[in-house]
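Peer 1: Mind having a look at this structure? Questions to follow.
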Amino acid sequence: MTLDAISPSFLLRGTAAGGTLRFVGIDATRVVEDARLRHNLSKTATAALGRALAASALLAAVLGKKGDSRVNVRIQGGGPVGWIVAEGSVDGQIRGYVREPGADLPLRERDGKLDVSGVVGTDGELAVTRLLDNGEPYTGSVELVSGEIAEDVSTYLGVSEQIPNAVLLGVYEEGGRVYRAGGLLVQAMPGVRDETLAQLEANIRGMGQLTDHLRRGSLLETMQTAAAGLDLTLADEAQAARFQCRCSREKALDSLKFFRPDERQEMIDEGGQEIVCHWCGEHYQMTPSEIAGLDAPRERAQA
């Protein structure tokens with residue numbers, strides 16, 4: 001199956017219990033499959049990065065201050081996958097990568113599930129960088145709780161942002177591709193009643209694995225299950241989400257300015273230089289003339 005055959009990813013937003021609960025959900029299937037293909041990820045690395053990608057989009061929806069605000073999530077747990085970096089934007093652009101895309105582990109013996117915690121590790125932290133109201137970047141971090149990512153993101157929101165919440169994330173792979181992936185974030189708002197939280201907790205506890213619900217039905221049905229008895233009201237329209245990098249040929253070429261002139265001359269002598277974007281895996285082949293042109297303005301200025 002080609003990527004184009006998978007339905008586009010999207011976010012749904014809503015409120016429940018008279019506005020005292022905020023719901024944000026994402027169907028991230030196409031985004032995560034796109035990431036798997038771009039980075040040639042192993043099964044377990046796909047699950048780990050996929051959860052982080054979904055989490056970054058949900059956090060951007062909750063923490064983003066402007067239409068183009070971005071939220072960066074970095075996870076370092078000491079596991080074989082190395083670090084995981086994901087970035088979500090309020091406008092639905094998502095990108096990310098892992099240090100070791102081929103890292104993999106056997107299925108867990110106890111339940112036959114992918115060992116995400118094992119590949120991520122638990123000896124480290126989750127850090128989130130976002131912009132404050134004054135436009136200054138702020139980074140908050142928490143020690144990893146489980147390495148399963150959902151619990152770690154939930155802990156971050158509760159401890160660093162003082163936001164009572166519930167977070168569900170999941171990636172299900174079948175037939176060598178991502179079959180379902182997504183996430184759900186529920187935020188408790190001021191004035192929420194204790195009985196409302198009790199109902200929400202019971203609903204989520206009874207749901208089990210998020211991917212089981214996404215496999216059986218839609219993101220909408222999954223959110224309705226989580227909000228059962230709480231009068232969920234959704235926003236009128238879904239928001240498109242996609243794997244989208246901000247790299248370009250111009251930026252890639254500009255990065256060569258950080259090399260010494262003799263190093264650039266070596267690239268020219270060897271017939272050019274290939275640059276690979278670590279965020280999205282895009283390859284840019286720079287020609288000798290393009291590289292030589294980086295020094296032309298400086299030479300003219302000295303003449």
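Peer 1: Given the criterion surrounded by 21 or more Cβ atoms within 10 Å (Cβ to Cβ) and either in a strand (DSSP E or B) or modelled with pLDDT of 95 or more (or both), identify the matching residue among Gly102, Gly170.
Peer 2: Every option except Gly170 fails the conditions.
Peer 1: Consider Thr46 carefully, then state whether it is hydroxyl-bearing (Ser, Thr, Tyr), more than 30 Å from Leu230 (Cβ to Cβ) and in the same structural domain as Glu221 (by TED's automatic domain parsing).
Peer 2: Answer is yes for this residue.
Peer 1: Given Leu132, Leu41, which one is touching a strand residue (DSSP E or B) at 6+ places or on another chain (Cβ under 8 Å), hydrophobic (A, V, I, L, M, F, W, C), more than 18 Å from Phe243 (Cα to Cα) and in contact (Cβ under 8 Å) with a residue 60 or more places away in the chain?
Peer 2: After ruling out the rest, the residue left standing is Leu132.
Peer 1: Let me ask you something else. Being out of contact with any Asp or Glu (no Cβ under 6 Å at 6 or more places or on another chain), among the charged types (D, E, K, R) and assigned by TED's automatic domain parsing to the domain that holds Ile26 narrows it down to one of Asp269, Asp254, Asp231, so name that one.
Peer 2: Criteria check complete, one pass: Asp231.
Peer 1: Of these, Thr225, Thr211, which one is β-branched (Val, Ile, Thr), closer than 24 Å to Ala52 by Cα, modelled with pLDDT of 95 or more and part of a helix (DSSP H, G or I)?
Peer 2: Selected residue: Thr225, the only one of Thr225, Thr211 that is β-branched (Val, Ile, Thr), closer than 24 Å to Ala52 by Cα, modelled with pLDDT of 95 or more and part of a helix (DSSP H, G or I).
Peer 1: Scanning for something in contact (Cβ under 8 Å) with a residue 40 or more places away in the chain, touching a Leu at 6+ places or on another chain (Cβ under 8 Å) and more than 18 Å from Ile94 (Cβ to Cβ), does the range 205-216 turn up at least one residue?
Peer 2: Scanning the range 205-216, I find no residue that is in contact (Cβ under 8 Å) with a residue 40 or more places away in the chain, touching a Leu at 6+ places or on another chain (Cβ under 8 Å) and more than 18 Å from Ile94 (Cβ to Cβ), so the answer is no.
Peer 1: Given the conditions (1) of a type in the set (A, V, I, L, M, F, W, C); (2) surrounded by 12 or more Cβ atoms within 10 Å (Cβ to Cβ); (3) modelled with pLDDT of 95 or more, report the number of the one that Phe259 does not fulfil.
Peer 2: Among (1) of a type in the set (A, V, I, L, M, F, W, C); (2) surrounded by 12 or more Cβ atoms within 10 Å (Cβ to Cβ); (3) modelled with pLDDT of 95 or more, Phe259 violates only (3).
A quick yes/no check of all residues on (1) touching a Pro at 6+ places or on another chain (Cβ under 8 Å); (2) over 30 Å from Val192 (Cα atoms):
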{"residue": "Leu3", "(1), (2)": "no, yes"}
{"residue": "Leu12", "(1), (2)": "no, no"}
{"residue": "Ala16", "(1), (2)": "no, no"}
{"residue": "Thr20", "(1), (2)": "yes, no"}
{"residue": "Asp27", "(1), (2)": "no, no"}
{"residue": "Arg30", "(1), (2)": "yes, yes"}
{"residue": "Thr44", "(1), (2)": "no, yes"}
{"residue": "Arg51", "(1), (2)": "no, no"}
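Matching residues to (1) under 30 Å from Leu200 (Cα atoms); (2) surrounded by 20 or more Cβ atoms within 10 Å (Cβ to Cβ); (3) of a type in the set (S, T, N, Q); (4) in the same structural domain as Gly281 (by TED's automatic domain parsing):
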{"residue": "Phe10", "(1), (2), (3), (4)": "yes, yes, no, no"}
{"residue": "Arg36", "(1), (2), (3), (4)": "no, yes, no, no"}
{"residue": "His39", "(1), (2), (3), (4)": "no, yes, no, no"}
{"residue": "Ala61", "(1), (2), (3), (4)": "yes, yes, no, no"}
{"residue": "Asp91", "(1), (2), (3), (4)": "yes, no, no, no"}
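Peer 1: If the requirement is being among the β-branched types (Val, Ile, Thr) and in a strand (DSSP E or B), which of these qualifies: Thr15, Thr44?
Peer 2: Thr15
The values are calculated or read from the model by the stated rules, or taken from the named source; none is laboratory data. What you see is a predicted model; the values in this text were computed from it and never measured. Don't worry about glycine lacking a Cβ; one is built from the backbone with ideal geometry, like all the others, and counts go over all protein chains shown.
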